[in-house]
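Each value in this text was obtained by applying a stated rule to the coordinates, not by laboratory testing. Quantities reported herein were computed from a predicted structural model and do not represent experimental measurements. Note: ideal-geometry Cβ built from the backbone for every residue, glycine included; neighbour counts use all protein chains shown.
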Amino acid sequence: MSGNTFGTLFRVTSFGESHGPAIGCVVDGCPPGLPLAAADIQAALDRRKPGTSRHVTQRREPDTVEILSGVFEERTTGAPVALLIRNRDQRSRDYNDIADTFRPGHADYTWWQKYGIRDYRGGGRASARETAVRVAAGAIARKWLAERFGVGIRGCVAQIGEVAVPFGSWDEVGRNPFFVSNAALLPRLETYLDELRREGDSIGARLSIVASGVPVGWGEPVFDRLDADIACAMMGINAVKGVEIGAGFASVSQRGSVHGDELTREGFLSNNAGGVLGGVSSGQDIVVSLAVKPAASIRIARRSINRAGDAVTVGTEGRHDPCVGIRAVPVAEAMLALVLIDHALRHRAQCGDVQTATPKIAGSVDGRRGA
């Protein structure tokens, strides 16, 4: 199986399956001298881990990270940083009934046809369990970006099913199990998710991810565009079916006189471009929106086939999220961090000595993002 490595200079290779003994990753290209301890990574993992509320899967994983290499006296050495997270709460028996059938909406059928073998326990390598190591690697990237450039990355859930969540305050996001910014919607969301769980069904979500403090100039103008790499990274997250940068699909109905972000000495007047112009960061906030599909693992029986091609009905028992988009927020933040650190290092390598006489303007006037 190929395609398990992400990045050019800051490269992350992940390994492991949902019900194997452990999952992990190797981070190659981490700059030396970065202060790093397990606690720096654990804080990010604790935001993503299962079992944190009744509204997510009740699989009880501590997600304790172990740093196996690349760190000496709590500083990175420039050597590969190997991270390991042991699986503690597998219940493989929950999946015995689907060993010979294909769950609708899952990778079961396609992976079987491609490889001729599949680990059906919890989805194996296709499980969202693998995203824990992306969050771990992303924590390293986020710390370097913050210390070196003052870059901050934040995310929230902007919509769950039919319930849109008007933006309130970033301070609220860490205070509730839904990663939403508006506390007024919490009772409605709790009732909504409780009903879905009782029905054995699931729902999708829309996420908003913002990176602030990104300097102007990161990215490449053709095939390695910053926005293209961000979209690729986000589409590589389990269950993501759509990505928007800035105004996204709303730009279809915008006129050029509205969509084009005007520049002043004080800053940009809007941010419909989402912080990227011509594949290169503009110095504004990087604004990304994701569409996350409903979880495919639901109790409701649906039609499918087995390995012999016979018609069957499949209902998935076990511990599953009624809305996988909730726990995807830390994953999306991590993937954005991995893209940004990679482009920061690439920019430094080629254009670190470039200087222009034109002053760098502020990101946006009054902090308006325009998207």
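Side notes on the structure shown:
- R0 of 41 Å, Cβ-Cβ distance Val365-Leu68: FRET efficiency to nearest 0.05: 0.30
- In the range 164-204, trypsin sites (Lys or Arg not before Pro) in a DSSP loop with at most 16 other beta-carbon atoms within 10 Å: Arg175
- Among 293-300, 30-37, the peptide with the highest mean count of other Cβ atoms within 10 Å heads the list, and the full ranking is 293-300, 30-37.
- Taking a point 7 Å out from the Cα of Thr356 in the direction of its Cβ, the residues of the range 275-301 whose backbone N falls within less than 12 Å of it are 277-278, 280-283.
- Paramagnetic label zone (point 7 Å from Cα along Cα-to-C-beta, Ala22; backbone N under 16 Å) in the range 114-134: 130, 132-134
- Fully extended contour minus Cα-Cα distance, from Asp171 to Asp224, at 0.36 nm per residue: 15.7 nm
- ³J(HN,Hα), Karplus 6.51/-1.76/1.60, whole Hz, each residue of the range 192-205, x for Gly, Pro: 4, 5, 4, 5, 4, 5, 5, 6, x, 10, 9, 8, x, 8
- Efficiency of FRET between Trp112 and Arg255 - r from beta-carbon atoms, R0 35 angstrom, step 0.05: 0.10
- Per-residue packing, averaged as other Cβ atoms within 10 Å, sorts the ranges 256-262, 5-11 into the order 5-11, 256-262, beginning with the highest.
- Highest-fluctuation residue, Lys49, Lys143, Lys360 considered, GNM on the chain with Cα pairs under 10 Å: Lys360
- As a ratio to 2.2 N^0.38 Å, the alpha-carbon radius of gyration computed for the chain takes the value 1.02.
- The chain: Lys pairs at Cα distance under 25 angstrom, eight or more positions apart or on different chains: 7
- Highest to lowest packing among 269-280, 240-251, 330-341, scored as the average C-beta count within 10 Å: 330-341, 269-280, 240-251
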